[in-house]
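Written out below as structure tokens is the structure these notes cover.
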Amino acid sequence: RPNMPLLRSSFSITLAVWKALFLREALGRLFSGRASWFWLLGEPVFHVAYLVFIFTGIRVTSVGGIDATIWIIVGMLAFFMFRRTGTQVMNGISANRALFAYRQVKPVDTVLVRGMLEGFLMTIISAILLAGAALLGHSVLPADPLAVIEAFFGLWLIGMGFGLVTSVASELVPELGRLIKLIMMPLYMLSGVIFPISSVPLPYRDWLLLNPVAHGLEAVRLGFAPYYHAVPGLSISYIYAFALVSVFLGLALHRRFALRLVTQ
């Protein structure tokens, strides 16, 4: 009958919700404050410039057999892919709490969309930074583009899993949220962003390799230069196994505590 409303499937409703949330989050990330879009790019640029200045000052021109500048840029971008995705996803529930008044919007929708947006933004930022390095005379074309994509995607998945789990944990126990933020700084050091993991003596190196992010950074660098002296024990399988377990655990927690996350 022409006057009957059209019934939409659950899948089409979910897609519509994700599209609306994606646009809302994108506008918020790019235009919520003065020059918000600039700081998205400015933060990794400042980190890279600071480390390049230090390495230049101590006359380090290569690390593990590759150009020190490329080593820094690639490692920094890889870590930011994990960190930014993880922190944005973790804060997704608290930032969108007002939207839970709408029956169609679930807490898990907000965190998943945040993760997708962050992965998209980091891909664009990575392309811009590498293009800038190319203009400065550095060779930025990866020797194995598929290996680089595989490693970046694995780090994004780890960030998603980390964010899914911590978004629930920080809502149920607010003190955990502050503790998790404190962990990020030592993780920056322990993931091999500013020093090669291969230079760490045993058995401390094996302890550092329990961190899947360290594997991801080494895998990205190896994808850019096959002659890079990657750390022994590098495992792509470990990255994806850790990522998938954490993603499924995070989704299970969201399903188990869905009502409490809305009414918290």
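Considering only residues of the stretch 96-117 that are open to solvent by 50 Å² or more (accessible area, probe 1.4 Å) and assigned to a helix (DSSP H, G or I), which is nearest to residue 253 (Cα to Cα)? Break it down stepwise before answering.
First, pick out the residues of the stretch 96-117 that are open to solvent by 50 Å² or more (accessible area, probe 1.4 Å): 97-98, 101-104, 106, 116.
This time we only want the ones that are assigned to a helix (DSSP H, G or I), so: 97-98, 101, 116.
Numbers: 97: 18, 98: 21, 101: 21, 116: 19 Å.
Residue satisfying both the conditions and the ranking: 97.
Applying the criterion of at least 2 residues that are touching a residue at least 40 places away in the same chain (Cβ under 8 Å) and of a type in the set (Gly, Ala, Ser) to the helices (runs of 4 or more DSSP H) found wholly in the stretch 140-252 leaves 145-172, 212-224. Every condition in (1) over 18 Å from residue 84 (Cα atoms); (2) at pLDDT below 80 holds for residue 37 except the one numbered (1). Looking only at the stretch 121-177, residues that are out of contact with any Ser or Thr (no Cβ under 9 Å at 6 or more places or on another chain), buried (at least 20 other Cβ atoms within 10 Å of the Cβ) and among the small types (Gly, Ala, Ser) come to 3 in all.
For the stretch 210-253: of the residues being open to solvent by 20 Å² or more (accessible area, probe 1.4 Å) and in contact with a His (Cβ under 8 Å, 6 or more places away or on another chain), which is farthest from residue 156 (Cα to Cα)? So, considering only residues that are open to solvent by 20 Å² or more (accessible area, probe 1.4 Å) and in contact with a His (Cβ under 8 Å, 6 or more places away or on another chain), the one farthest from residue 156 (Cα to Cα) is 234.
Residues of the stretch 46-92 that are closer than 24 Å to residue 153 by Cα and of a type in the set (Gly, Ala, Ser): 64, 68, 75, 78, 86, 92.
The values are calculated or read from the model by the stated rules, or taken from the named source; none is laboratory data. Small disclaimer: the values here were computed from a predicted structure and weren't measured. In this analysis, Cβ positions are derived from the backbone assuming ideal geometry, glycine residues included, and neighbour counts consider all displayed protein chains. Heavy atoms of the whole protein, side chains included, go into the accessibility calculation; ligands, DNA and RNA do not. Shrake-Rupley method; radii C 1.70, N 1.55, O 1.52, S 1.80 Å.
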